[in-house]
2 protein chains.
Amino acid sequence: MTMPIWLDKRASLTPGRTAIEAGNVQLSFAQLRQQAQGVATKLLNKGLEERAVLACLSESSVALVVLVHSIPYTGACLMPLNTRLTVHELLYQLQDSGCKFLVYSDSYADTAARLKQELNHLTLVSLAELQALSTAAAASRQLLHDVEEQAVYTIMYTSGTTGHPKGVLQSYNNHWSSAVGSMLNLGLSTQDKWLLAVPMFHISGLSILMRSVIYGIAVVIQERFDPKEANEAIMSQGVTVMSVVSNMLVRMLEQLGERRYPQAFRCMLLGGGPAPLPLLETCVEKGIPVVQTYGMTETCSQFATLQPEYMLTKIGSAGKPLFQGELRILQDGQVMSAGEAGEIVVRGPNVTSGYLNQASADSFEQGWLHTGDVGYLDEEGFLYVLDRRKDMLISGGENVYPAEIEAVLMSHPEVLEAGVTSTEHEVWGQSPIAFVVLRQENVVNQEKLLEHCKARLAKYKLPIAIHTVRELPRNAAGKLLRRELTKLLPIT
Amino acid sequence: MTMPIWLDKRASLTPGRTAIEAGNVQLSFAQLRQQAQGVATKLLNKGLEERAVLACLSESSVALVVLVHSIPYTGACLMPLNTRLTVHELLYQLQDSGCKFLVYSDSYADTAARLKQELNHLTLVSLAELQALSTAAAASRQLLHDVEEQAVYTIMYTSGTTGHPKGVLQSYNNHWSSAVGSMLNLGLSTQDKWLLAVPMFHISGLSILMRSVIYGIAVVIQERFDPKEANEAIMSQGVTVMSVVSNMLVRMLEQLGERRYPQAFRCMLLGGGPAPLPLLETCVEKGIPVVQTYGMTETCSQFATLQPEYMLTKIGSAGKPLFQGELRILQDGQVMSAGEAGEIVVRGPNVTSGYLNQASADSFEQGWLHTGDVGYLDEEGFLYVLDRRKDMLISGGENVYPAEIEAVLMSHPEVLEAGVTSTEHEVWGQSPIAFVVLRQENVVNQEKLLEHCKARLAKYKLPIAIHTVRELPRNAAGKLLRRELTKLLPIT
């Protein structure tokens, strides 16, 4: 099955409606289409082929939005890169995905150049140049009008449990179903305006762009999150929905002070783990409708959400799966009853069909994705997530996988074993903390190991401390017991 | 692909929300599920098999709604029968569909008995009995939890151009996509309440029931249309959306007098052909947001709609296709440009895959349905329907096909040829008018021919006059020229 390119359809239905607001820039859907088609034409003329992977390295911007919407016209796949990654990490993704095109914004010109040094075949394309208002020559091949529902639109890397990041394949149908499921849950008004202040290279941000063209609603884009600006947008720019993580919301409330949001503001979509009680209580007091959500890259954004009416009665719950989603709690292949914990297993049209270059992984079974997350359902069917993906931690809204940090530590010649776990962090919620067993004592110190990490890991993944220990806690089978690691900490 | 049964999902997400209001009866989604599962259990115990066709003959009622929602649990298909049809017409549908189960309401007990006389194998089931609050025994086989997206949920007969009614296959995915497309166009609020005063055996009524469980909104059911009651529901029962045809709207406005609908009333969904200008002007004056729509049984309700802002600038237009729909104007296999008329050809996930027992008909080509309707697109892409299905006329909201009436007339031994066309009718908009060539003069008169028709055709299909003529207007190839028929009328 094919479907018409969403932006084409949207621009034909409601050409004059506002698609994007960003600072002084405002684009209607008709204008957005014109620009996206222009960019698509330029990309085709640069030799971009169908099903090729095109990476982009850019902060949130109108130009990036245009690029996202130009992709369907070319038949290529978009791989949005996390701008916080090191060159080392970026290289891995470019190589693993066989990517030959990298579009970069001015801020990342140096990084792009360094990547090109390593990967000779990489074609660098400046986002500014793509966006420049030159009349594009006729495309070397025709712009597409339709897309295959099952075709891959975007690829997003996520580290998972293996230590090696994997490219999650997100099809048109995945994105479509995610948008439809969200709408059935949150409702839809032509007056809606969604504030995008989370990164577009994460599914939380990218999915807002999809909803915008599918729903026909405006997106307000803020390049980086600033509590004052975010509050401004809600107070006086007509924003009705916003996507946040706890930390953002805390800072917004602080900045908001005694003021209250207008009635029209109808949804604060809160991802990245359950919110602390005091935060929720403040929101109730202020009449802010918080919708807590559980989702991941593999489910193309929200999978389950908790409605505002349950904010205080179901604290810690991620609510119920969206309309098209099915959820089971499994333990040793058995479906668990209410109250019993097990692995969260999900199915639905928004769930990825798999990872790039990975033979149908263990994580999939007849359409069911084994998330690696642990949780249970209560008697009324509300989901409680106990543990994200076997020890994953969330630091300032970014997922951090201990296994990935351990792999980097162990790549140092002096490190024999490494174990990473999470520790509470006042600002970021959680932070990674590392424990290493060295081959010889006193040859490297914490500083040198950190240097080693810095060259290979994004800042938010860096351990806040690296402790040297004699041995790591392991079970009988030799499996690392990450939960036990903190017991090795010197008593303070 | 499968999906969870909608009512199961809905009752799990929002068990307490109101699903149905009908007079004093009010059912939540949890209660609706309980009743639907009870009815499904009884049906299974009566031997209803997967993929069997179950017909129902009933006025709109809560019991009928419950029956509609019980079907997915059984895996059978529902065939809602038009209660205005004659026994002769009903028999055709029951036989053509191989139907072995007929559920009837008390009002149609006699008809059901007569059908049983003709069709010995028919199992009659009283709707009242199904609905009775007896504790159902455990089902003879398990209730289903999932449905195949492509499985047929409902079969609705439509006469088309051949004179033989054909069963339109409506899959779960067709209904789902129709509901999603409508929502993307009209928006959705949890406060929505849809007034159902059109027949449930037509797609206009049935589709409201689908939207109710998919959206989680209440349906207000009125057994028969009454302008005063309909206005009451809008004025004081919180109805926000209503489906109507022109004639209903005219009568409601008359009854409404000087009053105005509350602000919360946000959509008057007007089907069954374009509305007359004075009606639209009155609606503009009164601030009633009319959404005109073009759709058919084969598209599971709306395919294109005209938004209120274009009510007076695009008079006569049916607007633009919904988000997932594609539309072309074809003439001799060529796509026509703006302004050029041709056959309306449509594609989309809400479009039926075909007709029951019909080899992939001429009407389908690579997923495109040739509607038989004639129209054109203007420069801005707005659809204008010039002619419904090769001479179809719409009488009081019911589709009437000349070919079907002609076939009945010609089945009379004294009729050699018959031609039927439409004539304007003050109350019903249009009415059929017939012309016959007799084998011998003066053997039958108009009265006798009408008797013959009455036994075989629903009342609304009866010609308002039957004229005897010497010959019918035909083209060189002998094709009947229905448009020319009225020229044969005696000048009055």
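Please treat every number below as a calculation from the coordinates, not as lab data. Not measured: the values here are computed from a predicted model. As a convention, Cβ positions derive from the backbone with ideal geometry for all residues, glycine included, and neighbour counts pool all protein chains shown.
Some observations on this one:
- Estimated D of the range B:2-377 in µm² per second, where Rh is the Kirkwood radius over Cα pairs and Stokes-Einstein applies at 20 °C, 1.002 mPa s: 100
- Per-residue ellipticity at 222 nm, computed for chain A from helices alone with -39500 (n - 2.57) per DSSP H run of at least four residues, works out to -8000 deg cm²/dmol.
- Residues whose placed amide H lies under 5 Å from that of A:Thr468, excluding near-sequence neighbours: A:Val436
- Percent antiparallel among DSSP beta bridges (both partners in the range B:2-377, rounded to 5): 55
- P(r) histogram, all alpha-carbon pairs of the range A:283-403 included - 10 Å bins from 0, percent: 13, 42, 35, 9, 1, 0
- Under 11 Å, Cβ to Cβ, from A:Ala338 - net charge with Lys/Arg +1 and Asp/Glu -1: -4
- From phi via Karplus (6.51, -1.76, 1.60), per-residue ³J(HN,Hα) for the range B:178-189 in Hz, x at Gly/Pro: 4, 5, 5, x, 5, 5, 5, 8, 9, x, 7, 10
- Pairwise inverse Cα distances across the range A:1-141, averaged and inverted, put the Kirkwood hydrodynamic radius at 15.7 Å.
- Per-copy distances of the B:Gln334 label point, shortest first, in nm (7 angstrom along Cα→Cβ): 7.1
- Ratio of the Cα radius of gyration of the range A:82-142 to 2.2 N^0.38 Å, where N counts its residues: 1.26
- Per residue, the convex hull around the alpha carbon atoms of the range B:177-327 comes to 100 Å³.
- Spherically averaged projected area of the range B:218-302 from its Cα convex hull (nm²): 5.6
- Phi-derived couplings, Karplus 6.51 cos²θ - 1.76 cosθ + 1.60 at θ = phi - 60°, listed residue by residue for the range A:121-132: 6, 5, 8, 8, 10, 7, 4, 4, 5, 4, 7, 4 Hz, with x used for Gly and Pro.
- Take every DSSP beta bridge whose two residues both sit in the protein assembly as shown; close to 65 percent of them are antiparallel.
- Summarised in one figure, the compactness ratio Rg/Rh of the protein assembly as shown, Cα atoms and Kirkwood Rh, is 1.02.
- Between identical copies, the spacing of B:Gln358 label points, each set 7 Å from Cα toward the C-beta atom, reads 4.7 nm from nearest to farthest.
- Volume of the convex hull of the range B:170-263 (Cα atoms only), normalised per residue: 99 Å³.
- In terms of its C-alpha gyration tensor, the range B:55-120 comes out oblate, because a/c is 1.5 or above while a/b does not outweigh b/c.
- As a proxy for reagent exposure, A:Val420, A:Val346 were ordered by neighbouring Cβ count within 10 angstrom, fewest first; the result is A:Val346, A:Val420.
- Under 13 Å, Cβ to Cβ, from A:Leu48 - net charge with Lys/Arg +1 and Asp/Glu -1: +3
- Percent of Cα-Cα distances greater than 21 Å, calculated over the range B:393-488: 28
- Interchain or long-range residues, amide H under 5 Å from B:Cys300's placed H: B:Thr352
- Backbone phi angles across the range B:23-39, fed through the Karplus curve with coefficients 6.51, -1.76 and 1.60 (θ = phi - 60°), yield HN-Hα couplings of x, 8, 7, 9, 10, 7, 5, 5, 5, 4, 4, 4, 5, 5, 5, x, 5 Hz in residue order; Gly and Pro are listed as x.
- Comment: the Cα-to-Cβ extended label point of B:Arg260, at 7 Å, lies 2.8 nm from its counterparts in the other copies, nearest first.
- Electrostatic bookkeeping for A:Val241 treats Lys and Arg as +1 and Asp and Glu as -1; over the other residues with beta carbon under 13 Å from its beta carbon, the sum is +2.
- For B:Ser171, the residues whose amide H sits under 5 Å from its own are B:Tyr153, B:Ser353, ignoring neighbours fewer than 5 places away on the same chain, with H placed 1.01 Å from N.
- The mean number of Cβ atoms from other chains found within 10 Å of a Cβ in peptide A:179-188 is 5, as a whole number.
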